[in-house]
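First the structure, in the form of structure tokens, and then the observations on it.
Values quoted throughout were computed directly from the atomic coordinates according to the rules given, and no laboratory measurement underlies them. Note that the structure is predicted; figures quoted are calculated from it, not measured. Methodologically, a virtual Cβ is constructed for each residue, glycine included, from the backbone with ideal geometry; neighbour enumeration extends over all protein chains shown.
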């Protein structure tokens, strides 16, 4: 009887440990080694200076909206910071030759908002407030029409994992949203 009781307790414990351990062992070697992804032509894809804290960001947003009215484009407002690897990844990806059609489709503004989801690390709170966002992670990417209306409210926060998303997925979403 004691053997049955022990097996009934131990077997689920072994399964609870064995399955996650097997999943870890099956990860690609590059992930296990901690190797980072690369972007062709970008030496340091997790570093950027696209988010300039000295820019008058509200003036830059207004200028982008005015340009969008003239050009018929939309505005891609990337709320992030240079210190965020996902923000840097996205900024660097958008700057590549492959993403030239994305750059042609939008007036792009990189707004340095710091990391407002971390106590004491936020900047320019007027930017997310203007568009009705509570920032839960960076980057938060808003697609705006020329009047400043957010067109992707539900999708905007999911960009905070930009470095984990495929380049194809990012390209497709930005090209489809910009129509």
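Things worth noting here:
- FRET efficiency estimate (nearest 0.05) - Cβ-Cβ, residue 70 to residue 168, R0 30 angstrom: 0.45
- By other beta-carbon atoms within 10 Å, ranking 173, 147, 44 with the fewest at the front produces 147, 44, 173.
- Contour excess over end-to-end distance, with Cα ends at residue 49 and residue 130 and 0.36 nm allotted per residue: 26.8 nm
- Virtual paramagnetic centre 7 Å along Cα→Cβ of residue 83, amide N under 18 Å, in segment 101-123: 111-123
- Placing dummy labels 7 Å off each Cα toward the beta-carbon, the span from residue 176 to residue 158 is 0.9 nm.
- Three-way shape label, segment 50-133, alpha-carbon gyration tensor, a/c 1.5: oblate
- Taking the number of Cβ atoms within 10 Å of each Cβ as an exposure proxy, the fewest-first ranking of 149, 117 is 149, 117.
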